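See below for the structure under consideration.
The values are calculated or read from the model by the stated rules, or taken from the named source; none is laboratory data. The structure displayed is predicted, hence computed values, not measured ones. Note that each Cβ is placed from the backbone with ideal geometry, even for glycine, and that neighbours are counted across all protein chains shown. Protein only, heavy atoms only, side chains kept; ligands, DNA and RNA dropped before computing areas. Shrake-Rupley method; radii C 1.70, N 1.55, O 1.52, S 1.80 Å.
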Number of protein chains: 2
Amino acid sequence: MTSCALVCGAGCGERIPWLSTSPRTTCARCGELLDVKQDLTAVAAERAATWHTRFEARLRVGVGADASGVWSKREWVLPGLAEESIVTLGEGRTPLVPAPRLGAILGVPDLWIKQCGQSLTGSFKDLGMTVLVSAVVALRRAGAPIRAVLCASTGDTSAALAAYAAAADLPAIVLLPNAKITTAQLLQPLAHGALVLALQTDFDGCMSVVRELVERSPLASQLYLANSMNPLRIEGQKTAALEICEQLSWTAPDWIALPGGNLGNTAATSAGLEIAEASGLIARHTRLLVGQASAADPLARAAESGFEKFEAREAGATAASAIRIGNPVSVRRAIRALQRCGGTAESVTEDELGRAAAEADRTGLYVCPQTAVALAAVGKAARRGVVGAKDRVVVLATAHGLKFSEFKAAYHEGRLAGAASRRANAPIEVTATVDAAQSAIARYLEASDTRRLSIPSPLSNSL
Amino acid sequence: MTSCALVCGAGCGERIPWLSTSPRTTCARCGELLDVKQDLTAVAAERAATWHTRFEARLRVGVGADASGVWSKREWVLPGLAEESIVTLGEGRTPLVPAPRLGAILGVPDLWIKQCGQSLTGSFKDLGMTVLVSAVVALRRAGAPIRAVLCASTGDTSAALAAYAAAADLPAIVLLPNAKITTAQLLQPLAHGALVLALQTDFDGCMSVVRELVERSPLASQLYLANSMNPLRIEGQKTAALEICEQLSWTAPDWIALPGGNLGNTAATSAGLEIAEASGLIARHTRLLVGQASAADPLARAAESGFEKFEAREAGATAASAIRIGNPVSVRRAIRALQRCGGTAESVTEDELGRAAAEADRTGLYVCPQTAVALAAVGKAARRGVVGAKDRVVVLATAHGLKFSEFKAAYHEGRLAGAASRRANAPIEVTATVDAAQSAIARYLEASDTRRLSIPSPLSNSL
């Protein structure tokens, strides 16, 4: 039977159960972040065929925990969690779509997109939050005095936390810097009924108030921290890698490419591949490629030294706002993962990410700027020969393009900072006559024909 | 072997193959819209167990046509379509989520939500457009001179058409009224590379230019009409009803509730139930409940006469902008469907739809205003005793809430026309001290406790 525990990330030897009446996210001995440690020996002790049959049977189930991409792998996610504690909103089970035409442009025709943004809150964060909130339900049942979940966030994290807390009828609290508030950004946590506190400080200031609240305030034991230092979220996020392999009939791709900010998802993807390999379901050879915006690329800079040295840096402005992070929380976990798989990181300019998004959208995708960073990184790595022209590459699309309308508007209106908008498209005003419409259409059709003739052997998305 | 044909909706007897070198969407004899007629005898000729096994086997497939919610039912969707013509982006296979807490508020605890908005373009229209665009690929291969697909639309239809056309590398053209243009509204078709023509006229003016173009212009045979009069889209949209039944282990719910504008989706849902019944996979008893905004409720008014008389009306402003339609294209198909199943239609005020959305979001959903209309309709029908307190009700969520940020912002800022915003939530500004944060949190926790105690036996979304 599988199991897991929390262990000290610094390797001091501390090991505690995840289910406890006084839950922790840092090591009591040395203060380091805790990691979830799965018992891989127990995973390996079952035959691969048994895991295969079990997971395949759940694919047929239409509702409930088995129909969740996360909880259908529950023995590998949070073993020991009682099924009645699971809070699921149907997360995971997102499409894996071939993108050969975009791949041909990037130099890797065997390109696939894992659509993690096609979800309840529009980002991959749902995968982690279903685990965190379910764990809180279990902790409360076990007697922990938790009354609310809490995070400091201006983006996807707060949306996912608030949604899953609402589903569990659990109070959620979001702290964020006052200066950055627009209702549009906050609509998701507000709509989900969270308490949204706008603090007169910056993001670091919010984080220090959060830490005080959960460590030393009178409410400390009543508030559960949901920020990315919480290791339980990684266990849910790793199921995206599991689903990719499962969708490809349990064959691992040569590369999984993804955007990197706080780097928790890099650690999660590695953890997913690791447990799938331990089970015998895949032969592990997948390498990870992390794309970073050049304004916030400490990991890509560290790649130049083979990750021997890492330096945090101040993050500058980038359209890929969700990965504007200069000092990533999970850098240690991520570097370990990249070293183990022979992975690497690439830095991508604003112009490159803008162009990658525009090219992707013209083949039927609708990518967020972070996913565009990963796509552009694939193109660069292919040009440098790091990724081979025949390699199978899966890009983790981390959020829905619908969450980044301002990015798309800026690109197509030619006002995206640092980007040339060469693939911009704009509406054409015409008088309301058939003749006027007809001549505009005729010009467009001619241009489309010319464009298609100029692309050598365009591959189609048809199957 | 299953098959389908296009037949005259007026019943004049005209019957033509869908695959033709000169495709039509209206009857050549009498000008009436064409319907897709499936050969239900052929569906019934196979054993239910055979269909069951075939569809179940495809649930295990991770990529390609079998992994699409639409094309995994291809024998019932567009029989005769060669597999190499299929253009899929992983549409369908969306979650079916229990919503017992919201259901308790509405008076129907056995409430479920079918999340059709968790898709590539954020609306259920993807289901129809994969069929239409795949058909165009097949028609071109058969020798039809089609060079582009075309629609008049300001919303979800143009987004889905442009996305699937981009995936097929097929030119797409969108016509819309100049006055209504904002880049944000048009970002999806623009990003997907469609030709977006802004005409100096209103929506009806656009439609008449479109009709001229496809019926009488020199380009007529080169342009394929994708508006909702095209019956092929209904064949894709009906798979949402098929998936609901499949997810519930091939049991049909008592009710399927959905928003009604042009009413194509009402016809589609009925068609899905009809073919599932013909196959023997379900015993048919599902009734349809159509929600309409009171500003645009010709069908709900017709319900008062048992649908004996129907009068088109001028549609007024409503937050449910996607169903602001006074003269629905598919009204004939929809009334036939409602009469057959004993279904009905309910009219919902702006205050009722605003409140339904707010209540839904506070249980972990994130609904669009149209879905809110369907939810409010369920509540009203339950209060009137039309829907029973023990009935199983599935609401078709037709779009992602992320597409309707302005609606949510208006509600939570107390400026949604006609709505009282009693469940509005707003950020609270506090100084950046632990004390300030702590007292705000303490007040929120107390209020949460009080609220929970005041709801009799709150059901949880936990499974």
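Compactness of the protein assembly as shown, taken as the C-alpha radius of gyration over 2.2 N^0.38 Å, stands at 0.90. Residues of the stretch A:58-79 that bury at least 30 Å² of accessible area when the other protein chains are present, relative to the chain alone (probe 1.4 Å, heavy atoms, ligands and nucleic acids excluded): A:59, A:60, A:62, A:63.
Ignoring everything except DSSP H segments at least 4 long, calculate the 222 nm mean residue ellipticity for the protein assembly as shown; use -39,500 (n - 2.57) per segment, divide by total residues, nearest 500. Show your work: numbers first, answer last.
Numbers: 34 runs with 368 residues, N = 926.
Mean residue ellipticity at 222 nm (helix-derived): -12000 deg cm²/dmol.
When the Cα atoms of chain B are aligned to their principal axes, the ranges along those axes come out at 73, 54, 48 Å in descending order.
The mean sequence distance of close C-alpha pairs (under 8 Å, at least 6 residues apart), as a share of the length of chain B, puts its relative contact order at 16 percent.
Using only alpha-carbon positions in the stretch B:62-134, the gyration tensor eigenvalues give semi-axes of 30, 11, 10 Å once each is multiplied by 5 and square-rooted (largest first).
If you build the convex hull over the alpha carbons only and average its shadow over all orientations, what do you get for the stretch A:188-318? Give it in nm² to one decimal. Please report the intermediate quantities before stating the final value.
Details: hull surface 46.1 nm².
Across all orientations, the stretch A:188-318 yields a mean hull projection of 11.5 nm².
Backbone N atoms of the stretch B:5-22 closer than 16 Å to the 7 Å Cα→Cβ label point of residue B:32 belong to residues B:6-16. Ratio of Rg to Rh for the stretch B:349-463: 1.03 [Cα atoms; Kirkwood radius as inverse mean 1/r over pairs]. The Cα atoms of the stretch B:121-272 define a convex hull whose projected area, averaged across directions, is 9.8 nm². Averaged over its residues, the stretch A:103-199 has an accessible area of 19 Å² per residue, based on protein heavy atoms and a 1.4 Å probe. Among rounded, prolate and oblate, which fits the stretch B:230-302 when a ≥ b ≥ c are the square roots of the eigenvalues of its C-alpha gyration tensor, a/c under 1.5 means rounded, and a/b larger than b/c means prolate? The shape class here is prolate. Kindly identify the stretch B:227-381 as rounded, prolate or oblate by the Cα gyration tensor criterion: order the square roots of the eigenvalues as a ≥ b ≥ c, call it rounded if a/c is under 1.5, otherwise compare a/b with b/c, prolate if a/b is larger, else oblate. Oblate, since a/c reaches 1.5 and b/c is not below a/b.
Each copy carries residue A:313; placing its label point 7 Å along the C-beta direction from Cα gives inter-copy distances of 6.3 nm, listed from smallest up. Shown for residue A:283: label points 7 Å from Cα along the beta-carbon vector, and their distances to the equivalent points in the other copies, 5.3 nm in ascending order.
Put simply, the amide H of residue A:345, placed in the peptide plane, has neighbours under 5 Å in A:290, leaving out anything fewer than 5 places away on its chain. Using the scaling law 2.2 N^0.38 Å as the reference, what is the normalised Cα Rg of the stretch B:1-123? It is 1.35.
How shielded is A:400-409 by partner chains, expressed as the average number of their Cβ atoms within 10 Å of its Cβ atoms? Each step should come with its number before you reach the end.
Values: counts 8, 7, 12, 3, 1, 9, 2, 1, 6, 7.
Neighbouring Cβ atoms belonging to other protein chains average 6 per residue here.
Between this copy and the others, label points of residue A:420 are 5.9 nm apart in ascending order, each placed 7 angstrom from Cα in the Cβ direction. Extension gain, residue A:179 to residue A:215, is 10.4 nm, computed as 0.36 nm per intervening residue step minus the present C-alpha separation.
Check each of the trypsin sites (Lys or Arg not before Pro) in the stretch A:356-416 and keep only those in coil by DSSP with at most 12 other C-beta atoms within 10 angstrom; list them in order. Each step should come with its number before you reach the end.
Working: sites: A:362, A:380, A:383, A:384, A:390, A:392, A:403, A:408, A:415; in loops: A:362, A:384, A:390, A:392, A:415.
Passing both the DSSP loop test and the Cβ count: A:384, A:390, A:415.
Kirkwood hydrodynamic radius for the stretch A:1-72: how many Å is it when counted over pairs of different Cα atoms? Let's see the in-between values first.
Working: mean 1/r = 0.0692 Å⁻¹.
Averaging 1/r across every pair of different Cα atoms and inverting gives 14.4 Å.
With the convex hull drawn over the C-alpha atoms of the stretch B:147-233, the volume per residue is 85 Å³.
Share of antiparallel DSSP beta bridges in the protein assembly as shown, in percent to the nearest 5? Beta bridges within the protein assembly as shown, antiparallel portion: roughly 30 percent.
Relative contact order of the stretch A:267-315, taken over Cα pairs closer than 8 Å and 6 or more residues apart, is 23 percent. Taking amide H atoms as placed 1.01 Å from N in the peptide plane, the amide H of residue A:287 lies under 5 Å from those of A:255, A:256, each 5 or more residues away in sequence or on another chain.
Kirkwood hydrodynamic radius of the stretch A:299-399, from the reciprocal of the average inverse Cα-Cα distance over all distinct pairs: 14.5 Å. Here is the interface size for A with B: some 8900 Å² of accessible area buried, both sides summed, with a 1.4 Å probe.
Enumerate the lysines that residue A:380 could reach by cross-link, defined here as Cα to Cα under 28 Å, with residues fewer than 8 away along the same chain left out. Reachable lysines: A:114, A:125, A:238, A:309, A:390, A:403, A:408. DSSP bridge analysis restricted to chain B gives an antiparallel fraction near 30%, rounded to the nearest 5. All Cα-Cα distances of the stretch A:217-258, cut into 10 Å bins from zero to the largest, leave 23, 33, 22, 13, 9, 0 percent in each bin in turn.
For the stretch A:264-351, report the translational diffusion coefficient in µm²/s to the nearest whole number, using Stokes-Einstein at 25 °C, 0.890 mPa s, and a Kirkwood Rh over Cα pairs. Can you show the working numbers first?
Numbers: Rh = 13.5 Å.
It comes out at roughly 182 µm²/s.
With loop membership from DSSP and a limit of 10 other Cβ atoms within 10 Å, the longest segment of chain B without GluC sites (Glu not before Pro) is B:1-307. Restricting the trypsin sites (Lys or Arg not before Pro) of the stretch B:164-262 to loop positions (DSSP other than H, G, I, E, B) with no more than 13 neighbouring Cβ atoms within 10 Å leaves B:216.
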